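Report on one structure; see the data block that follows.
The values are calculated or read from the model by the stated rules, or taken from the named source; none is laboratory data. Bear in mind the structure is a predicted one, so any value in this text is a computation, not a measurement. Here the Cβ positions follow ideal geometry from the backbone for every residue, glycine too, while neighbour counts run over all protein chains shown.
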Amino acid sequence: MENDPEALVELERLGLRKVPVTVVGTAAVVGFNRDELGRLFKLKSAEEVQRAGAWLFSTLDKVLEAVIRAALQVPPDRLSWHTPDRNRPLKVFCYHILADPNHVLDAIQSQKYDGSFKFAYEEAAERFPTMAALARFGGQTRSRLNVAAEDLTETALDRPIEGYAGPTTGHELLHHVLSHTTHHLRQLYEILRAIGVEPIQPLGEEDFKGIRLPESLW
């Protein structure tokens, strides 16, 4: 992008600010998202489409509980410590993890998932001065998901959603956010260790069985 101004203009025209990005027609996938790239290039058969059920909701709740537990271990003087993958304060990183399931539930209701929330993470995180406050927000996210687990019907989850990477469904978005949340949890464990804090009761590979995760941590 630094050496190709026309490419930067095209990226901004699509409403995107980050690379790498894969664009096919009017659909775009930011980063290496295996599920969304598979959907974009129509690599999945009907039999491979995952459904969102009791296992997903209980597993996501367990992962979010672990995220909250780990976030509470972040020392107050490390809230502005920047994560290794990008110029992002640790508090914003934790907010991002705990907020994303809410955006998925909003999308299931509105049938739109435009990704605009991605540009407001830093501003939104300012509402939470401490990790304790952020943990309470995470508890609200868990409560909302628990209600959704009881209330969401197959019909609601099957409805088409206009996504920024192309058409999707509630089933697909929920599996995506499970993968995304788990991946960030593993990164959060690594960050804690990097600042000299050993995670309390960390989840392990056995807990992650059945969740699609990228091979690389960063």
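Evaluate the following for ASN146: is it assigned to a helix (DSSP H, G or I) and either outside the structural domain of VAL177 (by TED's automatic domain parsing) or on the phi < 0 side of the Ramachandran plot (or both)? First the steps, then the outcome.
Numbers: assigned to a helix (DSSP H, G or I): yes; either outside the structural domain of VAL177 (by TED's automatic domain parsing) or on the phi < 0 side of the Ramachandran plot (or both): yes.
Judged against the criteria, ASN146 is a match.
Of the residues ASP61, ASP151, only one is in contact with a Lys or Arg (Cβ under 6 Å, 6 or more places away or on another chain) and either under 19 Å from LEU174 (Cβ atoms) or surrounded by fewer than 20 Cβ atoms within 10 Å (Cβ to Cβ) (or both); which?
Details: ASP151 fails: in contact with a Lys or Arg (Cβ under 6 Å, 6 or more places away or on another chain).
Testing whether each residue is in contact with a Lys or Arg (Cβ under 6 Å, 6 or more places away or on another chain) and either under 19 Å from LEU174 (Cβ atoms) or surrounded by fewer than 20 Cβ atoms within 10 Å (Cβ to Cβ) (or both) leaves just ASP61.
With the checklist (1) in contact (Cβ under 8 Å) with a residue 24 or more places away in the chain; (2) farther than 22 Å from TRP218 by Cα in hand, flag the one item SER110 doesn't pass.
Every listed condition holds for SER110 apart from (1).
From the list ALA156, ALA165, which one is aliphatic (A, V, I, L, M), buried (at least 19 other Cβ atoms within 10 Å of the Cβ) and over 22 Å from LEU217 (Cα atoms)? Give the steps one after another, and end with the answer.
Numbers: ALA156 fails: buried (at least 19 other Cβ atoms within 10 Å of the Cβ).
Answer to the selection: ALA165.
Report, by residue number, each residue of the stretch 169-195 that is touching a strand residue (DSSP E or B) at 6+ places or on another chain (Cβ under 9 Å) and not hydroxyl-bearing (Ser, Thr, Tyr). Even if it seems obvious, please write down each step before you answer.
Residues of the stretch 169-195 that are touching a strand residue (DSSP E or B) at 6+ places or on another chain (Cβ under 9 Å), as a first pass: 169-170, 172-173, 176.
Of everything in the stretch 169-195, those that are touching a strand residue (DSSP E or B) at 6+ places or on another chain (Cβ under 9 Å) and not hydroxyl-bearing (Ser, Thr, Tyr) turn out to be GLY170, GLU172, LEU173, HIS176.
Determine whether LEU178 is within 19 Å of CYS94 (Cα to Cα) and touching a Ser or Thr at 6+ places or on another chain (Cβ under 7 Å). Steps first, answer last, please.
Details: within 19 Å of CYS94 (Cα to Cα): yes; touching a Ser or Thr at 6+ places or on another chain (Cβ under 7 Å): yes.
Judged against the criteria, LEU178 is a match.
Any residue in the stretch 204-217 that is in the same structural domain as VAL177 (by TED's automatic domain parsing) and farther than 10 Å from HIS183 by Cα sitting within a Cβ distance under 7 Å of a residue that is among the small types (Gly, Ala, Ser) and part of a loop (DSSP other than H, G, I, E, B)? List the pairs, counting only those 6 or more apart or interchain.
From residues that are in the same structural domain as VAL177 (by TED's automatic domain parsing) and farther than 10 Å from HIS183 by Cα, there are no pairs.
Taking the condition more than 19 Å from LEU98 (Cα to Cα), among the hydrophobic types (A, V, I, L, M, F, W, C) and surrounded by fewer than 19 Cβ atoms within 10 Å (Cβ to Cβ), does ILE195 pass? Lay out the reasoning, then the answer.
Working: more than 19 Å from LEU98 (Cα to Cα): yes; among the hydrophobic types (A, V, I, L, M, F, W, C): yes; surrounded by fewer than 19 Cβ atoms within 10 Å (Cβ to Cβ): yes.
It is true that ILE195 is more than 19 Å from LEU98 (Cα to Cα), among the hydrophobic types (A, V, I, L, M, F, W, C) and surrounded by fewer than 19 Cβ atoms within 10 Å (Cβ to Cβ).
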